[in-house]
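Engineer: This is the structure I want to talk about, given as structure tokens.
All of the numbers you see were taken from the coordinates with simple rules; none came from a lab. From a predicted model like this one, the values you see are computed outputs, not experimental measurements. Backbone-built Cβ (ideal geometry, glycine too); neighbour counts: all protein chains shown.
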Amino acid sequence: MANTLKLEIVTPDRKVLSEDVEYVGAPGILGEFGVLPSHVPFLSALGIGNLHYKQEGKAHYVFVSGGFAEVSNNKVTILAEVAEKATEIDIDRAQKARERAEERNAQAKEKIDAARNQAALRRAIARMSCQRSGKSAGTC
């Protein structure tokens, strides 16, 4: 596979993915970035959102939250605080987490609590979006 790159996604708990892929799109802290084979080396902090990759022309999705992405020598290494394949996401659990975060946001009085709740809300919404993306693509 001359026109591919290796994608590895690792969390503190486990290796989530190790595959040869054609493209990787990831949520950087300053916006989404894309990587194709032979990309120049770089390092980026990750935000909260959906990483997507193409394998044999099909799109696949992984929810990621925090961490770093390193691109070097036709390899993308994702060191994420949290990473879940779209097929692993429990949509009911994510919806309940979203509802709890929205309730806490409405009641938050301190800036620290508000920031923590906003992050929880963003994670829940991104998980739900990733799970839906994976199902609609029919490839997860």
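Engineer: Hey, got the Cα dimensions of the chain along the principal axes, in Å, largest first?
Structural biologist: 54, 31, 25
Engineer: Give me the one-decimal nm value for the distance between modelled label points at Ser18 and Lys6, 7 Å along each residue's Cα-to-Cβ direction.
Structural biologist: Once both label points are built, they end up 0.8 nm from each other.
Engineer: Given a Förster distance of 22 angstrom, what is the FRET efficiency for Lys54 paired with Glu102, based on the Cβ-Cβ distance and rounded to 0.05?
Structural biologist: So, using R0 = 22 Å, E works out to roughly 0.05.
Engineer: Here's another thing I want to ask about it. In debye, nearest 20, what is the charge dipole magnitude of the range 5-87 about its Cα centre with +1 on Lys and Arg Cβ and -1 on Asp and Glu Cβ, if you could check?
Structural biologist: It works out to roughly 60 debye.
Engineer: Helix-only estimate, please: 222 nm mean residue ellipticity of the chain, summing -39500 (n - 2.57) across DSSP H runs of length 4 or more and dividing by its residues, to the nearest 500.
Structural biologist: -11000 deg cm²/dmol
Engineer: Then there's this: Which FRET efficiency value, to the nearest 0.05, do you get for Arg93 and Ser38 by plugging their Cβ-Cβ distance into 1/(1 + (r/R0)^6) with R0 = 41 Å?
Structural biologist: After rounding, the FRET efficiency stands at 0.55.
Engineer: How do Phe63, Phe68, Phe42 rank when sorted from fewest to most other Cβ atoms within 10 Å of their own Cβ?
Structural biologist: Phe42, Phe68, Phe63
Engineer: Can you sort Glu84, Glu70 so the residue with the fewest Cβ neighbours within 10 Å comes first?
Structural biologist: Ordered by Cβ neighbours within 10 Å, fewest first: Glu70, Glu84.
Engineer: How large is log10 of I(q)/I(0) for the range 5-87 at q = 0.13, 0.19, 0.22, 0.23 Å⁻¹ when the intensity is taken from the Debye formula with one equal scatterer per alpha-carbon?
Structural biologist: Cα-only, vacuum Debye calculation for the range 5-87: -0.32, -0.72, -0.99, -1.09.
Engineer: Helix 111-137: angle to the longest alpha-carbon principal axis of the chain, degrees 0 to 90, nearest 10?
Structural biologist: Between helix and principal axis, roughly 50 degrees.
Engineer: Quick query: amide H of Leu17 versus all other amide H atoms, modeled in the peptide plane; which residues come in under 5 Å with a sequence gap of 5 or more or a different chain?
Structural biologist: Residues meeting the criterion, in which the H sits 1.01 Å from N, are Ile9.
Engineer: Which residue, Lys85, Lys96, Lys54, tops the fluctuation ranking in a GNM of the chain built on C-alpha contacts under 10 Å?
Structural biologist: Checking each option, the largest mean-square fluctuation is seen for Lys96.
Engineer: Tell me, what is the percent relative contact order of the chain, built from C-alpha pairs under 8 Å that lie six or more residues apart?
Structural biologist: 23 percent
Engineer: Which angle from 0 to 90°, rounded to the nearest 10, does the C-alpha axis of helix 91-107 make with the longest principal axis of the chain?
Structural biologist: 50 degrees
Engineer: So how do 32-39, 12-19 stack up, highest first, on mean other-Cβ count within 10 Å?
Structural biologist: The densest-packed peptide leads the list: 32-39, 12-19.
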